[in-house]
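This report concerns only the one structure given below.
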Amino acid sequence: MAEKKLIYLQPKPVRIWHWLNALGIVTLCLSGAQIRFPEHINFLGSYKSAILLHNAAGTVVSLSFVIWLVYYALIARSIARIYVPKIDDLQHGLLRQAKYYFLTYFIGWDNPHHPNPQDKFNPLQKSAYLAIMFVLVPAVCLTGLLLINIDPLRGLIVMLGGMKILVGLHFLLACSLCAFLVTHVYLATLGHTPLAHFKPMWTGWEAVEEHSKTATGH
Ligand code: HEM
């Protein structure tokens, strides 16, 4: 049997950001669905309580985004290395990883990517997380912050095309985030056991096989 060694993959600030963000975004999806379709959905009692919870969860997600940005950009200074795909990732890595997720995973082949603290994400993760963390999350937060501050930010809202455009944009961005969330949670279960990728996101430590090419990444 191959020897296992533990590597420290997920530092504490990343774990704190991730679970605050996950809780916040799930709460935003549930309360947002009630605010958008009040005649069909009632998860949280009154319409007013759905709005209060939505605004509170939006604030938590925006603040936790700052934790993520400060940690990666200013403390670890690894944001570009970890999140930006390299030329080889784009030319070969994306296809290689997609083939794994769509085909070779199901016939028991090894994951082509083996994570380590310097190169945590496979090429598909890099591309998806880059779009999510640099475009989608900031855009949802900014449109949401405009919507809770209509009066003081009226000039900016008019510049962006008015309330209808802003509400529509916020809704479309939120739907894209929900679609990401479903795919993300499914892909996160494709480790050597269904919880293998959840453990490092909780404890920080990932068990990898030494001197072997067995998959631990996804
Ligand atoms: C119930 C909700 C969620 C669960 C169960 C979950 C699960 C996980 C797991 C297991 C990982 C570690 C494996 C990996 O790197 O993919 C991870 C990483 C990650 N997740 Fe999630 N996630 C959730 C929500 C979210 C949301 C809402 C976002 C963004 C909007 C998000 C963004 C990320 C990112 C960017 C990483 C990589 C973090 C890093 O190492 O820098 N997750 N997630």
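The values are calculated or read from the model by the stated rules, or taken from the named source; none is laboratory data. Here the structure is a predicted model, which means the values were calculated and not measured. In this analysis, Cβ positions are derived from the backbone assuming ideal geometry, glycine residues included, and neighbour counts consider all displayed protein chains. The accessibility values were calculated without ligands, DNA or RNA, using every heavy atom of the protein model including side chains. Shrake-Rupley method; radii C 1.70, N 1.55, O 1.52, S 1.80 Å.
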With respect to the cross-link table entries Lys99/Lys199; Lys12/Lys86; Lys4/Lys199; Lys86/Lys199; Lys86/Lys120; Lys12/Lys126, which display a Cα-Cα separation exceeding 22 Å? Lys99/Lys199; Lys12/Lys86; Lys86/Lys199
Inter-part distance where the stretch 42-76 and the stretch 114-178 are each reduced to a Cα centre, Å: 12
Between Arg36 and Met159, Cβ-based FRET efficiency (R0 30 Å, step 0.05) works out to 0.75
Quick one: Karplus J couplings for the stretch 99-106, per residue in order, coefficients 6.51, -1.76, 1.60, θ = phi - 60°, nearest Hz, x for Gly and Pro? 4, 5, 5, 8, 10, 6, 4, 6
Excluding His92 itself, what net charge comes from residues whose Cβ is under 14 Å from its Cβ, given Lys and Arg +1 and Asp and Glu -1? +2
Which value in deg cm²/dmol, rounded to the nearest 500, describes the helix-derived mean residue ellipticity at 222 nm for the chain, given -39,500 (n - 2.57) per DSSP H run of n ≥ 4 and division by the residue count? -17500 deg cm²/dmol
Starting from the Cα of Thr193, step 7 Å along the direction of its Cβ; do the same at Thr104; then give the gap between the two resulting points in nm. 2.5
So for the chain, averaging the separation of alpha carbon pairs under 8 Å that are six or more residues apart and normalising by length, what relative contact order in percent results? 31
Most fluctuating residue given options Lys12, Lys120, Lys48, as computed from a GNM of the chain linking Cα atoms under 10 Å: Lys48
Whole-Hz ³J(HN,Hα) from phi, Karplus 6.51 cos²θ - 1.76 cosθ + 1.60, for the stretch 130-146, glycine and proline x: 4, 5, 5, 7, 9, 10, 5, 4, x, 5, 5, 4, 5, 5, x, 5, 5
Return the sequence-ordered ³J(HN,Hα) values of the stretch 35-44 in whole Hz as given by the Karplus equation 6.51 cos²θ - 1.76 cosθ + 1.60 applied to θ = phi - 60°, using x for Gly and Pro. 5, 6, 10, x, 6, 10, 10, 9, 7, 10
Solvent-accessible area, 1.4 Å probe, carbon plus sulfur percent, for the chain: 72
Accessible area in square angstrom per residue, the stretch 36-94, 1.4 angstrom probe: 64
